[in-house]
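The values are calculated or read from the model by the stated rules, or taken from the named source; none is laboratory data. As the structure is a prediction and not an experimental result, all values here were calculated from the model. Note that each Cβ is placed from the backbone with ideal geometry, even for glycine, and that neighbours are counted across all protein chains shown. SASA here: full protein model, heavy atoms, side chains in, ligands and nucleic acids out. Shrake-Rupley method; radii C 1.70, N 1.55, O 1.52, S 1.80 Å.
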Amino acid sequence: ISASRAPRRAGDLPGGRRNAPPRADGKRHCAGSMLAVLVVATAPAFVAPPRGPSLLSWAAAPPRAPAAVPRVCRVRPSASDGASGVGPTGAGGKSVSIEGVPLSSGSPVICGDDYGNWWAATVIDVRVAAGDADILVHYDGCDPAWDEWLSAASGRVLPRPEGPPVAEAEETWRDVGEGLHPVEDAELLARLRAERQAKVDQWQYNTLCGAHGGEWVGTAVLYRAEGDAPRELRPAGSRSVASRAALRDAGRADDRAVTLWEGSPDGAGPARELELVPASLRAARGHMAVGGAFTVTHATTVPVPDSDPLVITVCAGHDPRRAAAEDAEGASAAPALEARVRCTFGYAPFAPGAGGALARALEYVEVAREVRAGGAASAPSLEGPAGRGLYDHEAQASASGLYSVYCDGGITVVAPMALSQGTAAAVSVDWDAGTMRYQADRRAGGAHDGSFTTLELTEAVGDGRAPQE
């Protein structure tokens, strides 16, 4: 929202707020706080009169001809500060007819702006000269400084549509085809939240596809939980792996999807496939992407039933340009990943654990290091110095029953050996890539059903050297 501040004057809107006149640069001031901008019902007179972009114009349909009224914005009345520089001409008693409705002093009207919004107003005066009529209007709920003359032939002034009585809390109107009807504040707020969520969904979808789209190849090492309590993760072999993110884009925003596939390069052995649409990328639905990291829940639906195993993946990618951009305080460009670490965690169905509490036991962890297929870098192996632990321990600070795997290639994986029902937990992947160090933390609440609370990515500039012991 582009808004500018203007000096306050006494006697304006309740709480000292007011709708201020336009500045020299044409910008308008939206009265109230940012909370007032988002929560329509709680802030009186948050809307500024015409010719400035408003929050409601985002939710409205694109501007149309004045005859097709998309929306009427209403605000509660405010006390006048007597600062009006525009007044009646003394030509009172005159009237003008618009769309067959006579308008004179006191007539309710609506006035359109350049953004497709229509604002409730009242006629103050009408003047007629040489056959041309002008109407002086006062915008309901706004200071008289906003009063202005509008040509009756401009198409910007229309008789106010008849409709159901408007309660004080019903500040917005919409066009539903057969006429204007009031929109409840809760409905408007829900609509704005839905629009914001859709933008966040699309941003995450673009982030995932842009950073991880295409084919990847690499090597993976499997660690299985073995032994009696306390159980341990022990190496159970390595294999070549391949994965890809294939996009389906039919040109429509509602028909876009990315299919994540992972398996063996020769197609033999087990494989997983997961299709995601923009709306899938929400923590409550088990998937999220940020920067060069993403996490997914391998399940047809989330929540995952207690009787089914829980399989999740956390992936962190390396962009060689990132360190130079950080040193130069560069802008956040889209990641250009050349390599990544992809860790998959497999937990068993819920079963009684220690003390009889239900818990999911960790069965395996697979750590894969991959590069883009056909890229300049050769397929990586999990060799070299082991990981050095977590860069940031905050996500695991209060956890218990953790197991850390210090993998070759500068990788550290930390996960709880059991996910106890009702107890929050997190899995963490730390990767020292030399010039950069990355840590991805997936935090979950106590349900452990594939949903989670946050995906956090920490990036730190390294010293450019290979990780040390």
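For segment 305-321, what are the residues that are modelled with pLDDT of 95 or more and over 23 Å from the mean Cα position of the chain (by Cα)? Once the filter is applied, which keeps residues that are modelled with pLDDT of 95 or more and over 23 Å from the mean Cα position of the chain (by Cα), segment 305-321 yields 305, 306, 307, 308, 309, 310, 311. Looking only at residues of segment 397-407 that are modelled with pLDDT under 90 and of a type outside the set (Ser, Thr, Tyr), we find that the one that is most open to solvent (accessible area, probe 1.4 Å) is 397. Among the residues of segment 322-345, write down those that are part of a loop (DSSP other than H, G, I, E, B) and either within 25 Å of residue 404 (Cβ to Cβ) or modelled with pLDDT of 80 or more (or both). Scanning segment 322-345 gives 336, 337, 338. Hey, any hits in segment 414-421 for a residue that's modelled with pLDDT of 95 or more, open to solvent by 10 Å² or more (accessible area, probe 1.4 Å) and either of a type in the set (Lys, Arg) or over 27 Å from residue 284 (Cβ atoms) (or both)? Checked segment 414-421: no residue is modelled with pLDDT of 95 or more, open to solvent by 10 Å² or more (accessible area, probe 1.4 Å) and either of a type in the set (Lys, Arg) or over 27 Å from residue 284 (Cβ atoms) (or both). Here residue 267 fits the description: of a type outside the set (A, V, I, L, M, F, W, C), open to solvent by 30 Å² or more (accessible area, probe 1.4 Å) and at pLDDT below 95.
When segment 349-377 is limited to residues that are modelled with pLDDT under 90 and farther than 18 Å from residue 337 by Cα, the one that is surrounded by the most Cβ atoms within 10 Å (Cβ to Cβ) turns out to be 353.
Evaluate segment 214-226: report whether one residue or more is at pLDDT 85 or above, in contact with a Gly (Cβ under 6 Å, 6 or more places away or on another chain) and part of a helix (DSSP H, G or I).
Within segment 214-226, none of the residues are at pLDDT 85 or above, in contact with a Gly (Cβ under 6 Å, 6 or more places away or on another chain) and part of a helix (DSSP H, G or I).
Selection within segment 148-161: residues that are within 38 Å of the chain's Cα centre (by Cα) and open to solvent by less than 20 Å² (accessible area, probe 1.4 Å). The member of this set that is farthest from residue 113 (Cα to Cα) is 158.
Scanning segment 247-264 for residues that are open to solvent by less than 50 Å² (accessible area, probe 1.4 Å) and modelled with pLDDT under 85 returns 255, 264. Residue-level check: of (1) at pLDDT 90 or above; (2) surrounded by 15 or more Cβ atoms within 10 Å (Cβ to Cβ); (3) of a type outside the set (Ser, Thr, Tyr), residue 380 misses just (1).
Applying the condition of being at pLDDT below 90 and either crowded, with 20+ Cβ neighbours inside 10 Å or among the aliphatic types (A, V, I, L, M) (or both) to segment 122-132 and asking which residue is farthest from residue 159 (Cα to Cα) yields 130.
Close Cβ contacts (under 6 Å, 6 or more residues apart or on different chains) running from residues in segment 188-208 that are surrounded by 12 or more Cβ atoms within 10 Å (Cβ to Cβ) to residues that are at pLDDT 90 or above and small (Gly, Ala, Ser) comprise 201/279; 204/289; 207/289; 208/289.
Considering only residues that are part of a strand (DSSP E or B) and either more than 18 Å from residue 454 (Cα to Cα) or not small (Gly, Ala, Ser) (or both), which ones fall in segment 298-316?
310, 311, 312, 313, 314, 315
Per the listing 441, 430, 392, the residue uniquely under 25 Å from residue 336 (Cβ atoms) and surrounded by fewer than 16 Cβ atoms within 10 Å (Cβ to Cβ) is 392.
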